[in-house]
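Remarks on the structure that follows.
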Amino acid sequence: MTPLLPNHWAGRWQYGTGPGTPLIDPVLGHELARVSSEGLDLEQGFAHAREAGGRALRALSYRERADLLGGVSEVLQAHREAYFEIAIANSGTTRKDCGVDIDGAIYTLGQYARWGRSLGQARVLLDGEAARLARDGAFACRHVLVPTRGVALFINAFNFPAWGLWEKAAPALLSGVPVIVKPATATAWLTQRMVADVVAAGLLPPGALSVVCGSSRGLLDALQPFDVLSFTGSAQTAALIRSHPAVAQRSVRVNIEADSLNSALLLPDAAPGTEAFELLVAEVVREMTVKSGQKCTAIRRVFVPQACFDAAAEAIGARLARITVGNPRNETVRMGALVSREQLASVREGLAVLRGQTDVLHDGGSHALVEADPAVAACIGPTLLGARDPGAAARVHDTEVFGPVATLMPYRSLDEALALVRRGEGSLVASLYGAEPRALADAALALADSHGRVHVVSPEVAALHTGHGNVMPHSLHGGPGRAGGGEELGGLRALAFYHRRSAVQAAPAVLAHLAPQGTAWTAD
């Protein structure tokens, strides 16, 4: 039997009971390891994190906590090659795609270390200037942000076992809040290994970082009013979380990232043959195939002027036809597997739903697999669908297929295109392609209310833009409506989730003593 991975819980390594759940190589079908959280004393672990971890972290200044993040980043960098080996085996993705996860995690940690050092030796953030509450100024108010005296529980998705941990943990630890991470079971190995390396390095105080691998049963029950919860996953699970007593009755602060039907929009000025047209084609293909389309920010819907539809279908299809699919250990493979056979079945089911209202413009089934057995591997080629009447194709605007699938649609006017994009009912990101600055700016503002991020690609940034689906720590990650209503990252804005804002009302002499303990808080 393969090894059972231990949980780091209540300050020590503990094995769950029972046989555990197997982690499978989604290409070869081999069992890699097992995980179990059965038998853990959840109350003990939460109490240890709150009391030992929280107390130790809050005793440090922002600069001191930032230095800890810098140390964690160095530890991860030192073990980087081992992480690639785990990710290729457990996630089934190519080395390049694993880098999006692993290197993205290390970069984000380093960035928050730099930002955190700028906050200096303070332990409190001052939010704005003092406001007079009496005419003569003898009584006033000053807002402060202080670290919440609880834990940050992360329930993460399977697609980013590295970045999904550290993009949340970096601002949490910088804020002085201990972290408990429950990675998605299918790809838990990488998260568990990273936590193990950081714990072994002895950088963080006891209780500052815990990992639970296996079932999430009972975790929400253990949450208390000053804890915070961050969830990435399906809208169905998000609805259950919102109705849980921890959130509905104990008012645990919650951040949710759920389904997202992200869009790419080619503006009317970008005809076939223009650089903007080619930029859209390249980005759509990249977003469909990176990590086999298993990104919450991947492009799902593509809107082009009606006159460009056939040319766009041909150009995107031609590039997709060159994508090699199969075993990521083969250097000729451009796209690896989905995370599991269960996910493969889900993608096929979703495709069947969408095909009822679309045409197949490029069939992923035409891709022969490289060094992978179709009966074993969770591999599927990229599929481009087309809906020539997007207004009538309701399923395209409310069904996300979490894999290498996108739907191309024509529009007759820009107003119609913007309205079609909004039918996604809130998304993480939309990208715009064109060459006219004013038109691009106007379209960006028109979509800003329904998107957490609007990514604008014009010829002058062709070699500079960071990518439709790449989440940079400088920018907001999250989205309204269907996308969950959450917000992460965005520079130091992320610290607000892990702090409590309070208004201190007092004489100016009292308020004057707040300043030496704090630093002015700005989002950048």
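Can VAL284 be described as part of a strand (DSSP E or B) and within 21 Å of ARG422 (Cα to Cα)? For VAL284, the condition - part of a strand (DSSP E or B) and within 21 Å of ARG422 (Cα to Cα) - is not met. One residue alone among SER251, SER243 is modelled with pLDDT of 95 or more, closer than 19 Å to ARG482 by Cα and open to solvent by 50 Å² or more (accessible area, probe 1.4 Å), and that residue is SER243.
Of the residues making up the stretch 461-475, those that are within 15 Å of LEU440 (Cβ to Cβ) and open to solvent by less than 30 Å² (accessible area, probe 1.4 Å) number 1. The single condition from (1) open to solvent by less than 10 Å² (accessible area, probe 1.4 Å); (2) in a helix (DSSP H, G or I) that PRO390 fails is (2).
Looking at ILE323, ILE316, ILE380, can you tell me which residue is outside any loop (DSSP other than H, G, I, E, B) and touching a helix residue (DSSP H, G or I) at 6+ places or on another chain (Cβ under 7 Å)? First the steps, then the outcome.
On the way: ILE323 fails: outside any loop (DSSP other than H, G, I, E, B); ILE380 fails: outside any loop (DSSP other than H, G, I, E, B).
The conditions single out ILE316.
Exactly one residue out of LEU428, LEU414 is touching a helix residue (DSSP H, G or I) at 6+ places or on another chain (Cβ under 6 Å) and hydrophobic (A, V, I, L, M, F, W, C), and it is LEU428.
With the condition being closer than 21 Å to GLY233 by Cβ, I'd like the strands (runs of 3 or more DSSP E) fully within the stretch 461-524 carrying at least 1 qualifying residues. I'd like the intermediate steps shown before the answer.
On the way: elements: 476-479, 486-489, 499-506, 518-520.
Counting at least 1 such residues, we get 476-479, 486-489.
Considered as a group, the residues in the stretch 130-147 that are surrounded by 11 or more Cβ atoms within 10 Å (Cβ to Cβ) and among the charged types (D, E, K, R) include one that is nearest to the chain's Cα centre (by Cα), and that residue is ARG142. With the condition kept exactly as written, say whether any residue in the stretch 25-43 is in contact with a helix residue (DSSP H, G or I) (Cβ under 7 Å, 6 or more places away or on another chain), over 25 Å from ALA496 (Cα atoms) and either without any contact (Cβ under 8 Å) to a residue 24 or more places away in the chain or aromatic (Phe, Trp, Tyr) (or both). The answer is no; no qualifying residue exists. The lone criterion from (1) open to solvent by less than 10 Å² (accessible area, probe 1.4 Å); (2) within 27 Å of ARG482 (Cα to Cα); (3) part of a helix (DSSP H, G or I) left unmet by ALA276 is number (2). Restricting the search to strands (runs of 3 or more DSSP E) fully inside the stretch 221-269 and requiring at least 2 residues that are under 30 Å from SER413 (Cα atoms) gives 262-266. Inside the stretch 21-76, residues that are under 24 Å from ALA200 (Cβ atoms), surrounded by 15 or more Cβ atoms within 10 Å (Cβ to Cβ) and over 27 Å from the mean Cα position of the chain (by Cα) make up a count of 6. Given the criteria of a type in the set (A, V, I, L, M, F, W, C), part of a helix (DSSP H, G or I), open to solvent by less than 10 Å² (accessible area, probe 1.4 Å) and within 25 Å of PRO22 (Cα to Cα), does LEU344 qualify? The answer is yes for LEU344.
The values are calculated or read from the model by the stated rules, or taken from the named source; none is laboratory data. Everything numeric here is computed off the predicted structure, so don't read it as measured data. Neighbour counts are summed over all protein chains in view; Cβ atoms, including those assigned to glycine, are modelled from backbone coordinates with ideal geometry. Accessible surface is based on the protein model in full, side chains and every heavy atom, while ligands, DNA and RNA are left aside. Shrake-Rupley method; radii C 1.70, N 1.55, O 1.52, S 1.80 Å.
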